[in-house]
Each structure stands twice: as structure tokens, then as C-alpha cells.
Amino acid sequence: MTADPMLAYRISALEALFRQIADTRMAGLPIVNAALRVEAVGFEPCASEPDLPPAASGVLLTPWFMNLVRLPLAREDDLGRIGVTRRLALGRERFDFIGAHEAAIGTFDACSLFSPMFDFASQDTAVATAQAVLARLREPLPEVAKDAAEQPERPARRGFLFGRSRTP
């Protein structure tokens, strides 16, 4: 998993929490894809954000959603962030993340990639998709164009994920 024991602990707690949610709150709901299970994919420390503690980012895969997650490295209980949208960096892009809180792990931020998860026939396919998203987000920055007019337009979030740009 990871060499950092604090990060490994936080990721383990995140997975345990969502396994418990799968077994309780989500049990039997028609939105659950039974072919999938909870898994934290590709979590690693991420760039600092103003007013936010050091964190790790990765993808949280569940039978009902796949989210980008920004998880503080140390537990935080900031209930004022619940439901608050913030534009946060993940790799070379910025996305709208929504603040959330669960008693077992504290405050974290999530950005939906897929929900529901019925387009995924297997855990392997879902994990491969999560890994591909993270690989794309974590690509090194290209050389900066000398003129702003030379810089390509950035696609919307879904366009980014599926390789489509805003322009036809």
C-alpha cells in the first residue's frame, strides 16, 4: 500500500468505513452494483491547498459510486465544511469537491466521477478506470506555451475523463 504508516492507517479506515456503509446503509438498495466492492485506489500525498491540512488524494471505489477523494493525513472534524463546495487541485487539474464528514474518519472532500456504477461489469474494470483517471491527472505538466493564445482550452470534467474537448 504505502510506506507512510499514517497514510496507510487513514486509507484503511476509509475503506473500513465504506465497507460498513455497504453492509448497512446501502445493503439491498437497487443502486448497488453487486459485482463491485469498496477499494481505495492510488492514494498518495497531494499538493497543499490554502486553509486545508496536508492530505492524500486518490479514488474511492464503492458498489454505488466512484469518487476522487481528498483525505486529510490527520483526522479533522470541521463540520462547517459539510456540503461546502471547493475547487481543489488534483494533479494538473482543479475540480469541485464537496466537503463531507463521517464519525469514523472525520472530514474529507469528494468529487463524483461515476454514479451509479452499473457501467462496470467487474472490479478489475472499475479499478483500471480509477487508475487511468489518476494516471491522467498526475501526468507531468506540459511545457508552458509562450503565448496564452497557444494554450489549448481545458475540457470540462466529463470531457476530461472521456477525452472530449469543449469544442467540436
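FYI, it's all coordinate maths here, none of it is from the lab. These numbers were taken from a predicted model, which means no experiment stands behind them. All Cβ positions, even for glycine, are placed from backbone atoms using ideal geometry, and neighbour counts span all protein chains on display.
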Worksheet item: Using a basic spin-label model with each label point 7 Å from the Cα along Cα→Cβ, how many nm lie between residue 37 and residue 119?
Response: 2.5 nm
Discussion item. Please compute the modelled spin-label separation between residue 3 and residue 103, points set 7 Å along Cα→Cβ, answer in nm with one decimal.
Written reply: 3.8 nm
Response to the item:
Treating every alpha carbon of region 1-49 as one equal point scatterer without solvent, the Debye formula yields log10 I(q)/I(0) values at q = 0.33 Å⁻¹ of -1.26
Item to complete: Could you point to the residue in 69, 90, 121 farthest towards the positive end of region 55-124's charge dipole, with +1 and -1 charges on the Cβ of Lys/Arg and Asp/Glu respectively?
Response: 90
Item to complete: Note down the relative contact order for region 57-147 as a percent, whole number, built from C-alpha pairs under 8 angstrom at least six residues apart.
Response: 31 percent
Discussion item. On a full-extension model of 0.36 nm per residue, what is the gain between residue 79 and residue 29, subtracting their alpha-carbon distance, rounded to one decimal in nm?
Written reply: 15.3 nm
Worksheet, complete the sentence: Taking placed amide H atoms and a strict 5 Å upper bound, the residues 5 or more places from residue 76 or on another chain that come that close are 107
Worksheet item: In whole percent, what relative contact order does region 43-104 give with Cα contacts below 8 Å and a gap of six or more residues?
Response: 25 percent
